[in-house]
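Just so it is clear, none of the values below were taken in a lab; they were calculated from the coordinates. Given the structure is predicted, the values throughout are model-derived calculations rather than measurements. Note: ideal-geometry Cβ built from the backbone for every residue, glycine included; neighbour counts use all protein chains shown.
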Amino acid sequence: MSSSRFSWNRDFWPLLVASIASFVVVMVVAYREYTPEWRHHTQVLRSYLTGRGAYDAAAAVPDGVQQIWLPKLDRVDRCMSCHVNYDGSISPLADLPPLYRPHPDLPYMAKHPFPTFGCTACHGGQGYALDEAGAHGLEEHWDDPLLTTKLASGSGLTRAQLMEIKCNTCHRADDRTAGTDLINMAKEIVDKKHCTSCHGLQGRGGLAASDLTYDGDLNPELLDFSTVEGPRTLLNWQVQHFKSPQQVTPHSGMPNYKLNDDQARALALLMLSWQRISFPPEYVPAARQRPPAVLPVVREVPYPPAASSPLAEQGRYVFSNRGCNTCHRVGGGKLIGPDLAGVAQRRNDRWLTTWLKDPAAVVAKDAELQVWSREFGDIIMPNQNLDDKEIEALIAYMKEFASGVSELLGTASPTPPPTPSSPAS
Amino acid sequence: MRAKLNRLWRRATWSWSPASEREASTAIVENLWLHWFPAKVAEESFSWSYSLWLGTISAFLFLILIVTGILLMFFYVPSTQLAYWSIKDIHYVVGFGWLLRNQHRWAAHLMVLAVFLHMLRVFFTGAYRAQRSTNWLVGIVLLLVTLFLSFTGYLLPWDQLAFWAVTVGTNIAKEAPVVGSALQFVLLGGTEIGQSTLVRFYVLHVVVLPAAALVLFAYHMWRVRRDGGMAVTDPAAAVVATPQDAASVGGKTYSLFGVTPGTSLETRAAGPIPDGTGVFSAPHMLRRLMLVFLAVFTVTIVLSLISGAPLEEPANATLTPNPAKAPWYFLWLQELVAITTLRLGGFTLSGGLIGGILVPGVLLMAGVLWPFFDRSPLHTVGRWFPRERRLQNGVLCVIALIMLVLVLIGMLMRGPYWQLYWPWQAWPEMPRRL
């Protein structure tokens with residue numbers, strides 16, 4: 001028509017290439033859409049069953065996304081799209097490849113039927129996902145991975161033990177839950193050691209230490225891992241912290257209870273299970289109702305009185321850092337422990353040294369102290385594992401707890417706490 | 001029989017055949033689907049190297065965004081309780097949902113890039129001079145609308161990425177003098193990101209901003225014709241713009257609101273393309289558009305196949321991801337904010353005002369005002385990097401380069417606690433729960 005110097009046919013080849021390219025990518029898209037992982041798995045099962053002559057079972061293998069929708073739990077579990085034989089309804093055979101084996105018939109399965117609980121409520125993982133990496137929660141942005149043997153062994157646990165976390169998200173109000181041995185052990189420790197004297201828990205307990213109600217939701221990025229041995233996980237941080245609070249958190253006021261590995265792991269599991277997950281009432285076992293064993297510390301922690309000599313000042317530092325003032329006042333009456341005003345006049349250095357080294361051993365030998373400790377809810381002062389230098393300093397400090405000094409103190413002191421570097425008068 | 005079949009075929013396919021080029025032009029102008037480009041186009045407009053077809057690419061990306069966006073709207077629920085889970089469903093169980101979402105995300109990123117590059121092209125070729133300055137302003141507004149469209153879409157998945165990117169973005173907005181906190185309040189629908197923010201962003205994203213973009217885009221295109229087509233055709237048009245040619249136009253003339261004799265598109269423009277020169281838009285321009293569309297479509301799909309749209313953990317106001325980054329096209333601002341934030345002992349001087357408000361504000365004002373201060377000769381219009389425009393093109397090059405470098409630093413080199421890491425340097429492993 002018009003232009004001879006401009007060849008309009010030169011768009012022909014690019015157009016052809018672009019057409020073919022777009023056709024190819026659309027085909028790739030279609031291929032990807034119609035060959036999902038779950039379809040492959042169902043086909044494998046179907047041919048496996050057919051190969052063994054189980055034609056009815058092969059015909060029963062569904063084709064399509066399978067799911068259990070749990071609106072009450074805000075969950076959708078699509079695990080059975082691949083694990084099609086999860087409930088044994090297709091084939092009860094036990095020698096199937098692992099993916100297709102039915103869920104073992106464990107004692108608690110009767111109380112936790114699939115239609116009510118689904119899979120991820122107990123096992124973890126991402127119920128929404130339909131590919132293996134996503135469904136098993138191994139991708140970076142999923143907080144609740146499938147609880148596997150490998151994951152558990154990283155913290156020296158078995159898979160069943162790790163799964164106790166999941167049991168206790170629902171069973172947290174139980175005294176004991178059959179099958180959760182570690183969690184049961186941890187609950188016993190929480191009672192025996194009177195953790196709620198200092199820690200808040202579900203609206204009860206003390207204000208002297210952190211509230212533990214949702215301790216399982218702690219952001220691990222906010223924790224200091226610099227002195228923690230082993231994997232950088234919240235679970236391991238808790239284990240190490242229970243074994244040696246001061247090593248993980250220097251100057252922590254939490255007593256070192258000399259817990260063994262099992263006890264520390266049990267408590268760590270318990271902490272991780274205390275998550276902000278809400279279950280409808282019909283899911284939650286009846287709550288236990290028990291009065292608290294001791295009066296919790298619901299007040300401000302009193303400031304330790306000032307010291308006059310350098311050694312006593314060191315003692316004051318220990319007194320403050322080990323949290324002695326959480327339980328003891330100097331003048332003003334008893335708290336969790338007795339008032340320490342004039343304590344050095346009542347007891348000599350040797351007695352105080354023995355006591356600070358191991359309070360429980362002293363109580364065990366002294367009938368009078370055993371009677372007296374009833375006044376304090378049978379709590380025996382936790383062993384703070386002080387070394388000789390700290391004990392010497394502490395005693396020097398306590399010698400200043402004369403009746404005259406005690407007037408300077410109070411729980412409602414308006415002045416800020418004097419720091420070791422600026423001795424107050 | 002054969003003649004009968006032929007007639008039947010012609011009747012089914014062609015109701016009418018033009019008798020002259022003029023009649024053919026009128027037919028195109030009167031066709032709703034074809035009238036948005038001129039009946040005939042100058043040959044220079046087809047150049048790949050002049051325009052790089054960036055405007056067309058942006059328009060096709062916008063088309064892809066509208067189509068995928070409408071489909072996504074059938075499945076997405078703008079509620080803080082359900083948004084994240086509806087995205088999970090779109091990704092995993094909605095038929096081709098993964099493709100819709102990935103393609104929407106990629107097209108959005110590419111559109112921001114294409115619109116920005118389009119602006120650079122227009123500047124470097126001086127195509128904003130004289131009568132085209134109005135369209136330059138419209139273009140700047142379109143760039144802002146594009147950025148805001150992308151930014152509002154960023155929040156909708158309601159995951160950590162969305163939540164904290166928008167936190168960073170709206171905190172920068174807060175640094176604006178006088179109106180800052182009011183602006184943030186209006187954006188968020190309160191003092192913190194929540195349900196009211198989500199609904200606001202949703203309505204802006206699916207109704208207000210696309211409507212604005214469509215209207216502005218239509219005007220932008222119309223304005224291109226009114227201003228005499230693409231700047232590259234100016235020299236050719238000047239040759240043929242003789243009174244005799246203008247007189248030959250006659251017939252229909254157009255303005256925005258109808259036929260306006262004397263002030264028509266044709267008379268203002270350098271002149272219509274006379275018989276014998278230029279080429280018909282249909283099929284030549286249509287064929288070219290088809291090619292560009294197929295290329296854009298293929299690229300978005302290939303990218304969607306290679307890399308999916310990210311979805312992080314559900315939004316959590318108490319848990320800041322480390323590092324928390326703004327969308328990439330705002331990263332140069334975040335980087336500026338970080339660089340200009342000074343810590344003197346315990347006293348922190350926030351860089352939000354300098355990096356977040358002053359620098360982009362000054363750049364924006366400069367962009368708006370520049371056509372009215374530019375004194376470079378008009379004959380340079382329509383050419384890449386002419387000697388006479390060395391200085392201003394150089395300055396823009398430097399600014400664009402700085403932005404690019406800052407974006408790359410923010411994207412590739414900022415690790416936890418906003419520390420600098422080389423791209424090949426591993427970040428410290430962040431602790432996990434289990």
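Computed over chain A, the alpha-carbon pair-distance distribution with 20 angstrom bins reads 20, 39, 23, 13, 5, 1, each value a whole percent. If one takes the longest principal axis of the Cα atoms in chain B, at what angle in degrees, from 0 to 90 and to the nearest 10, does the Cα axis of helix B:2-13 lie? Its long axis makes an angle of about 50 degrees.
Inter-chain Cβ neighbour count for B:287-295, averaged per residue, equals 4 (cutoff 10 Å, partner chain atoms only). List the residues of the stretch B:276-301 whose backbone N lies under 20 Å from a point placed 7 Å from the Cα of A:L15 along the Cα-to-Cβ direction. It comes to B:278-299, nothing else. Label separation (B:T13 vs A:N385): 9.1 nm, computed from points 7 Å beyond Cα along the C-beta direction. In a fully extended conformation the segment linking B:L137 and B:L401 would gain 92.8 nm over its present Cα-Cα distance, using 0.36 nm per residue. Listed by Cβ neighbour count within 10 Å, with the fewest neighbours leading, B:R414, A:R347 appear as A:R347, B:R414. Here's the picture: charge each Lys and Arg Cβ at +1 and each Asp and Glu Cβ at -1 in the protein assembly as shown, and of A:H83, B:S133, B:G97 the one pushed furthest to the positive end of that dipole is B:S133.
Dipole magnitude for the stretch B:304-434: about 320 debye, using +1 per Lys or Arg Cβ and -1 per Asp or Glu Cβ, origin at the Cα centre.
Can you give me the Kirkwood hydrodynamic radius for the stretch B:145-216, using every pair of distinct Cα atoms, in Å to one decimal?
12.3 Å
Compute the longest continuous run of chain B that contains no exposed GluC sites (Glu not before Pro); treat a site as exposed when its DSSP state is not H, G, I, E or B and it has at most 14 other Cβ atoms within 10 Å. Here the longest segment lacking exposed loop sites spans B:193-428. A straight Cα-to-Cα reach below 13 Å connects A:K334 with the aspartates and glutamates A:E375, residues fewer than 8 places away in its own chain not being considered.
Using a Förster radius of 41 Å, what is the FRET efficiency between A:V362 and A:R204 based on their Cβ-Cβ separation? Nearest 0.05, please.
In this case the efficiency is close to 0.85.
Paramagnetic label reach from A:E188 (point 7 Å along Cα→Cβ; backbone nitrogen cut-off under 11 Å): within the stretch A:346-389, no residues.
For peptide B:317-326, the mean count of partner chain Cβ atoms within 10 Å of a residue's Cβ comes to 2. Projecting the Cα atoms of B:T320, A:I20, A:A59 onto the charge dipole of the protein assembly as shown, computed from C-beta unit charges around the Cα centre, puts A:I20 farthest toward the positive end. Placing +1 on the Cβ of every Lys and Arg and -1 on the Cβ of every Asp and Glu, with no other charges, gives chain A a dipole of roughly 220 debye about its Cα centre. Partner aspartates and glutamates whose Cα lies under 14 Å from the Cα of A:K357, excluding those fewer than 8 positions away in the same chain, are identified as A:D349, A:D387, A:D388, A:E390, A:E392.
As a proxy for reagent exposure, B:W424, B:W222 were ordered by neighbouring Cβ count within 10 angstrom, fewest first; the result is B:W424, B:W222. Placing a pseudo-label 7 Å from each Cα along the Cα-to-Cβ vector at B:Y421 and A:V26 gives an inter-label distance of 4.2 nm.
Computed log10 I(q)/I(0) for chain B at 0.06, 0.07, 0.10 Å⁻¹: -0.33, -0.44, -0.84, from the Debye equation with unit scatterers placed on every C-alpha and solvent omitted. Taking the Cα centre of the protein assembly as shown as reference, the dipole from Cβ charges on Lys and Arg (+1) and Asp and Glu (-1) amounts to some 2460 debye. When the charge dipole of the protein assembly as shown is built from unit charges on Cβ atoms (+1 for Lys and Arg, -1 for Asp and Glu) and taken about the Cα centre, the candidate among B:S281, A:G216, A:L106 whose Cα reaches farthest toward its positive end is B:S281. With R₀ set to 25 Å, the beta-carbon distance separating B:F74 from B:L412 gives a calculated FRET efficiency near 0.10.
The length gained on full extension between A:T149 and A:A178, counted as 0.36 nm times the residue separation minus their Cα-Cα distance, comes to 8.3 nm. Applying both filters, DSSP loop and at most 13 other Cβ atoms within 10 Å, to the GluC sites (Glu not before Pro) of the stretch A:56-147 gives A:E140. Overall shape: prolate for the stretch A:1-112, with the ratio a/c of the largest to smallest alpha carbon gyration tensor axis at 1.5 or above and a/b above b/c. How would you classify the protein assembly as shown from its alpha-carbon gyration tensor, with a ≥ b ≥ c the square roots of the eigenvalues: rounded for a/c under 1.5, else prolate if a/b is greater than b/c, otherwise oblate? Oblate, because a/c is 1.5 or more while a/b does not exceed b/c.
Run the numbers for A:V44 and A:D211: contour at 0.36 nm per residue of separation, minus the present Cα-Cα distance, in nm.
Using 0.36 nm per residue and subtracting the Cα-Cα distance, I get 55.0 nm.
Candidate cross-link partners of B:K40 among the lysines, defined by an alpha-carbon separation under 28 Å and a same-chain spacing of 8 or more, comprise B:K252. On a 0 to 90 degree scale, rounded to 10, what angle separates helix A:234-243 from the longest Cα axis of chain A? That works out to roughly 20 degrees.
If you plug the beta carbon distance of A:Y34 and A:L99 into 1/(1 + (r/R0)^6) with R0 = 30 Å, you get a FRET efficiency near 0.90. If you take the Cα centroid of the stretch A:145-165 and the Cα centroid of the stretch B:281-354, the two points sit 38 Å apart. Taking other Cβ atoms within 10 Å as a rough exposure proxy, B:L303, A:L369, B:L99 sort from fewest to most as A:L369, B:L303, B:L99. With both labels modelled 7 Å from their Cα along Cα-to-Cβ, the B:V362 to A:S89 distance reads 6.9 nm.
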